[in-house]
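Accompanying notes for the structure given below.
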Amino acid sequence: SQQGEEDPQALSIQEGENATMNCSYKTSINNLQWYRQNSGRGLVHLILIRSNEREKHSGRLRVTLDTSKKSSSLLITASRAADTASYFCATLWAQKLVFGQGTRLTINP
Amino acid sequence: DAGVIQSPRHEVTEMGQEVTLRCKPISGHDYLFWYRQTMMRGLELLIYFNNNVPIDDSGMPEDRFSAKMPNASFSTLKIQPSEPRDSAVYFCASSFQGAREQYFGPGTRLTVT
């Protein structure tokens, strides 16, 4: 299956700390995307990184992509309570996004 | 833009009944996707359309599921007859050009008793 797998499944940190989530996938991709889902809500797109890019930044988010290892990481710096959510990586393959199971991030005040 | 609109937000029905979920994509988007999310299986793509034409319905679980997109601003996902195992949150998403980011609606939480 093309499905990405996030690691860890759950992460709990103190407000102000950095949070790192990892994603691994199995086959070639066009791009890799990260999404956030707050409880009871739809997914919100965070950042897209193309297969020929290695790193991308957006505000407090930093995404890396290593196509040789078929892995990506999402770093959230200076975490806030509002960052509490589930985070999903999604790989684009044949015009379809395939989502991993997600990392549940909890930011403790 | 109001974003992707889905209705109803919650649906409770009895086994055997027909269920119709509705979606209005973002204006100008040419791709529309239907997903199902459960704790056990995560987020699954059911079907997607490009310019109102179904492109890939390989994720539709059974013949009980059908989807239509009669025009660029409206799509439906129908389950007939519904079963308890269909209970899930169903999301609609749209995008401009298939390889770019998708915009998700708030979802419809379906409970089949």
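When +1 charges are put on Lys and Arg Cβ atoms and -1 charges on Asp and Glu Cβ atoms, the dipole computed for chain B relative to its Cα centre reaches about 220 debye. Between A:Ser58 and A:Gln9, the contour length at 0.36 nm per residue exceeds the Cα-Cα span by 15.3 nm. Springs between Cα atoms under 10 Å define the GNM used for chain A, and in it the highest mean-square fluctuation of A:Arg50, A:Arg41, A:Arg60 occurs at A:Arg41.
Values quoted throughout were computed directly from the atomic coordinates according to the rules given, and no laboratory measurement underlies them. Just so we're clear, the structure is a prediction, and the values are computed from it rather than from any experiment. Every residue, glycine among them, receives a Cβ derived from its backbone with ideal geometry; neighbour counts consider all protein chains shown.
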